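For reference, the structure discussed in these notes is given below.
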Amino acid sequence: MVSEIIVKARAAQKLWENLPYSEKAKRLKEAARSLGQSVDEIARVIHEDNGKLTIDALATEVLPAILAMNFYIKNGRKFVRSRTIGGRSLLMFNKTSRMTFKPYGVVGIISPWNYPFAIPFSEVVMALLAGNAVILKTASVTPHVGRAIARIFEEAGLPDGLFAYVEMPGKDAGPAFIAGGIDKLFFTGSTATGRELMALAAPRLLPLVLELGGADAAIVRADADLDRAAAGVIWAGFSNAGQSCGGIQRVLVHRAVFAPFLEKLSRLTENLREGVDMGPMATLKQKQSVQRQIDACLAKGAKIAVKSQSSESGNFLSAIILTDVTDDMPVMREEIFGPVIAVMPVNDDEEALRIANSSAYGLTGSVWSRNRRAACALAARVNAGAMMVNDHLMSHGLAETPWGGFGDSGIGRTHGEAGFREMLKAQVVVDDFLPAVKRNLWWQPYSEKVYAGIHSIVELLAGRSFLSKMKALPGVLRIFFRYWEK
C-alpha cells in the first residue's frame, strides 16, 4: 500500500517540481485560507485527540502553524533560489560557481502525539514549497488531527497524489516508508525509535532528520528577575502537562536565591488548576511511565517540595516540584515527558554549566538573568541546539529559527532557513567563463617546468616569510602563461 502511494507521489512530484514558485505559493495560500477558517475546530480536535487544553492548542499549535505558513510562503522563494558563490582564488580566475537547490523527490514525515498539528504542518509546508511530494503519518493516538491536516492540504488544489496522509501503526511506518522508496525521512519522537530508523536507513544511505528527546536545563542566575523566571519555568515545565521535548525538566538555581525562587515556584505550582491551567496526560500509558520515574527518584532520596491539586483521575497527574535531587536520578538523566521539574541549588555559573551539559540530551535550554550580556555568553556555552534568555520552549513557535538538538536529541534541523534547506539537495555548478583559456595548469603533459611552477604557487600561498613568497613570484608568472598554451 505505502509503496503504491509513493509511486503515485513520485509521478505527481515531477509535475509539481517544474511549476514556478509563484504557482506553488498560490496553492499553499489556499491551504492557509482553509486553516484560517477552521481555527476553533482544529483547536477542538487537538484537545479531543490528546487532551491538551484548547488554549494550549490555539497558542502552541494553531498560531505557530499560521506563522509558519506565512513565513515560508513569503521567504521560500529566497531559500530555493540559486546563488553565486563568491570568494574564489585568483588561481581560478576563469571559474565562476553557483549553488543550486533541487527537491529530494518524495519526503516522508512521521510526527508525534504531543504536538500533533504544529510539528508536521510546518514540515509539510516546507516540503511542498521546496518542490517535494509528501507522505505524512501522524501518531496513532491522534488520528483526527492527522485527518484535519489532510483536509487542509486537500483543499489547496494540489496535484493528485502529491500529498498523501496514511494511517498505520507507528512501528510499521518507518520500515514501510524506507522500504517503499522515499527519498528523505523526517521523524519526531523518541531517541530509541530514532536509532532504529537510522539503522533501517543505513543500507540505502537514506538521509533523515531526527528531532528526538530532551531533558532541558534552565539556569537561574543570582541576578535573575525571580518572578519572571518562576512564571516562565512553570509554563515551560507544565504546559501540555509537561509533554514537550523542549520543556524545562532541570532547574539549576544560584544558591543565593534558591529559597525565594523555590517559594515563588511552589506558590505558582499550588495554584495550577486541573483542566484549566493544565490538562491531562495524552495516554494512561504515558501517565504510568512518568509515575514510575517519579517513584524511582523518590526511592533514591528526592523529595516532593510541592504538588498541584489534582484528582489524579483518568489521565490527570499532579504537577510536581522535586528537590534534593542527585545526578543519578531519572529526572536528571532521562527524559521524563511529564509534569515534573527538579530544582537544584548551584554555587555559580560554572557548576550550573557542568550539570546542564552532563546530560546526553542537548535540545534546548535557557538562562534567566537581568544581565543579558552575561546570560547570552553563558547560553552560548550550553550544549543545546536552541538557547533562550529569560524565556523557554517558545522558540519552536518562531518559524524563522532553526529547531533541533545535539547528542541524543537528534540530527538535522527543522524550521527556518536551515530547516527549509533540509528539504533540498544542494548542487554546485562550476562554469569556465573564459573560452580563451586552453588548459589548466595541472593538466598533462607533465614536466619539470610544470612541477616547479606549481611549487612556486604553493610557496606564494603558504610560504613562511614575505621574502620567500616574493622569491616564488617569478616562477608563478612563468607557469601562469600555460593557461593559454595549446
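The values are calculated or read from the model by the stated rules, or taken from the named source; none is laboratory data. Just so you know, these numbers come straight off a predicted model, no measurement behind them. Note that we place each Cβ from the backbone using ideal geometry, even for glycine, and neighbour counts take in every protein chain shown.
Just one of 253, 306, 257, 325 is assigned to a loop (DSSP other than H, G, I, E, B) and either aromatic (Phe, Trp, Tyr) or closer than 18 Å to residue 233 by Cβ (or both); which is it? Step through it out loud before you land on a result.
Details: 253 fails: assigned to a loop (DSSP other than H, G, I, E, B); 306 fails: assigned to a loop (DSSP other than H, G, I, E, B); 257 fails: assigned to a loop (DSSP other than H, G, I, E, B).
Residue meeting the stated conditions: 325.
So the check is Cβ under 6 Å with 6+ separation or different chains; which pairs have a first residue in the range 81-96 that's within 22 Å of residue 421 (Cα to Cα) and a second one that's modelled with pLDDT of 85 or more and surrounded by 11 or more Cβ atoms within 10 Å (Cβ to Cβ)?
As it stands, the answer is 82/98; 82/100; 83/99; 84/98; 85/97; 85/99, since those pairs meet every condition given.
With respect to residue 211, determine if the residue is under 30 Å from residue 33 (Cβ atoms), of a type outside the set (Lys, Arg) and surrounded by 24 or more Cβ atoms within 10 Å (Cβ to Cβ).
Working: under 30 Å from residue 33 (Cβ atoms): yes; of a type outside the set (Lys, Arg): yes; surrounded by 24 or more Cβ atoms within 10 Å (Cβ to Cβ): yes.
The answer is yes for residue 211.
Can you tell me which residues in the range 184-220 are among the basic types (Lys, Arg) and part of a helix (DSSP H, G or I)? Let's see the steps before the verdict.
Going residue by residue through the range 184-220, those that are among the basic types (Lys, Arg) are 184, 195, 204.
Listed by number, the residues that qualify are 195, 204.
Working only within the range 34-49, note down all residues that are loosely packed, with under 14 Cβ neighbours inside 10 Å and either under 21 Å from residue 105 (Cα atoms) or within 26 Å of the chain's Cα centre (by Cα) (or both).
As a first pass, look at the range 34-49 and keep what is loosely packed, with under 14 Cβ neighbours inside 10 Å: 36-37, 40-41.
36 - this is the single residue of the range 34-49 that is loosely packed, with under 14 Cβ neighbours inside 10 Å and either under 21 Å from residue 105 (Cα atoms) or within 26 Å of the chain's Cα centre (by Cα) (or both).
If a residue has to be within 14 Å of residue 149 (Cβ to Cβ) and touching a Leu at 6+ places or on another chain (Cβ under 9 Å) to count, how many in the range 20-38 make the cut?
In the first step, residues of the range 20-38 are kept if they are within 14 Å of residue 149 (Cβ to Cβ); the result is 28, 31-32, 34-35, 38.
Right, trim to touching a Leu at 6+ places or on another chain (Cβ under 9 Å) and you get 28, 31.
The total comes to 2.
State yes or no: is residue 406 surrounded by 13 or more Cβ atoms within 10 Å (Cβ to Cβ), assigned by TED's automatic domain parsing to the domain that holds residue 98 and either within 22 Å of residue 68 (Cβ to Cβ) or in contact (Cβ under 8 Å) with a residue 24 or more places away in the chain (or both)? Working first, answer last.
Numbers: surrounded by 13 or more Cβ atoms within 10 Å (Cβ to Cβ): yes; assigned by TED's automatic domain parsing to the domain that holds residue 98: no; either within 22 Å of residue 68 (Cβ to Cβ) or in contact (Cβ under 8 Å) with a residue 24 or more places away in the chain (or both): yes.
So residue 406 fails the test.
From (1) modelled with pLDDT under 95; (2) over 21 Å from residue 420 (Cα atoms), pick out the condition that doesn't hold for residue 193.
(1)
State whether the residues of the range 124-138 include one that is buried (at least 19 other Cβ atoms within 10 Å of the Cβ), of a type outside the set (D, E, K, R) and either on the phi > 0 side of the Ramachandran plot or at pLDDT below 95 (or both). I'd like the intermediate steps shown before the answer.
So in the range 124-138, the residues buried (at least 19 other Cβ atoms within 10 Å of the Cβ) come out as 124-138.
Applying the additional criterion that residues be of a type outside the set (D, E, K, R) yields 124-136, 138.
When the remaining residues are screened for being either on the phi > 0 side of the Ramachandran plot or at pLDDT below 95 (or both), the result is 131.
Scanning the range 124-138, I find at least one residue that is buried (at least 19 other Cβ atoms within 10 Å of the Cβ), of a type outside the set (D, E, K, R) and either on the phi > 0 side of the Ramachandran plot or at pLDDT below 95 (or both), so the answer is yes.
Can you pull out the residues in the range 297-317 that are farther than 23 Å from residue 253 by Cα and surrounded by 15 or more Cβ atoms within 10 Å (Cβ to Cβ)? Break it down into steps so the answer makes sense when it comes.
To start, the set of residues in the range 297-317 that are farther than 23 Å from residue 253 by Cα comprises 299, 309-317.
Selection gives 310, 315, 316, 317.
Would you check if residue 335 is part of a loop (DSSP other than H, G, I, E, B) and touching a residue at least 60 places away in the same chain (Cβ under 8 Å)?
So residue 335 passes the test.
Of all residues in the range 433-452, count the ones that are of a type outside the set (A, V, I, L, M, F, W, C), touching a residue at least 12 places away in the same chain (Cβ under 8 Å) and closer than 20 Å to residue 93 by Cα. Before you say what the answer is, go through the steps one by one.
Pass one, the range 433-452, residues of a type outside the set (A, V, I, L, M, F, W, C): 435, 438-440, 444-449, 451.
Narrowing the set further to residues that are touching a residue at least 12 places away in the same chain (Cβ under 8 Å) leaves 438-440, 449.
Remaining after also requiring closer than 20 Å to residue 93 by Cα: 438-440.
Matching residues across the range 433-452 total 3.
When the range 435-457 is examined, which residues are found to be surrounded by 12 or more Cβ atoms within 10 Å (Cβ to Cβ), out of contact with any Phe, Trp or Tyr (no Cβ under 6 Å at 6 or more places or on another chain) and among the aliphatic types (A, V, I, L, M)?
441, 450, 452, 454, 457
Being surrounded by 18 or more Cβ atoms within 10 Å (Cβ to Cβ), out of contact with any Lys or Arg (no Cβ under 9 Å at 6 or more places or on another chain) and either small (Gly, Ala, Ser) or at negative phi (or both): is that true of residue 265 here?
Values: surrounded by 18 or more Cβ atoms within 10 Å (Cβ to Cβ): yes; out of contact with any Lys or Arg (no Cβ under 9 Å at 6 or more places or on another chain): yes; either small (Gly, Ala, Ser) or at negative phi (or both): yes.
Here the answer is yes, as residue 265 does meet what is asked.
Quick grid of which residues meet (1) at pLDDT 90 or above; (2) of a type outside the set (Gly, Ala, Ser):
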residue	(1), (2)
65	yes, no
71	yes, yes
74	yes, yes
78	yes, yes
85	yes, yes
90	no, yes
93	no, yes
96	yes, yes
102	yes, yes
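Just need a number here: residues in the range 474-486 that are surrounded by 13 or more Cβ atoms within 10 Å (Cβ to Cβ), free of Cβ contacts under 8 Å to residues at least 40 places away in the same chain and closer than 15 Å to residue 90 by Cβ.
Taking the range 474-486 and keeping what is surrounded by 13 or more Cβ atoms within 10 Å (Cβ to Cβ), we get 475-476, 478-480, 482-483.
Now drop any that are not free of Cβ contacts under 8 Å to residues at least 40 places away in the same chain, which leaves 475-476, 478-480.
Pick out the ones that are also closer than 15 Å to residue 90 by Cβ and you get 476, 479-480.
Number of matching residues: 3.
Take the range 338-354 and flag every residue that is closer than 19 Å to residue 368 by Cα and in a loop (DSSP other than H, G, I, E, B). Talk me through it step by step, then tell me what you get.
Within the range 338-354, the subset closer than 19 Å to residue 368 by Cα is 341-354.
If the condition is that a residue be closer than 19 Å to residue 368 by Cα and in a loop (DSSP other than H, G, I, E, B), then 347, 348 are the ones that fit.
Please note which strands (runs of 3 or more DSSP E) are completely contained in the range 362-455 and include at least 1 residues that are touching a Leu at 6+ places or on another chain (Cβ under 6 Å). Give the steps one after another, and end with the answer.
Details: elements: 364-368, 386-389, 424-432.
The strands (runs of 3 or more DSSP E) meeting that bar are 364-368.
Kindly evaluate residue 167 against the criterion of being of a type in the set (Asp, Glu) and within 24 Å of residue 52 (Cα to Cα). Show your work before the answer.
Values: of a type in the set (Asp, Glu): yes; within 24 Å of residue 52 (Cα to Cα): yes.
So residue 167 fits the description; yes.
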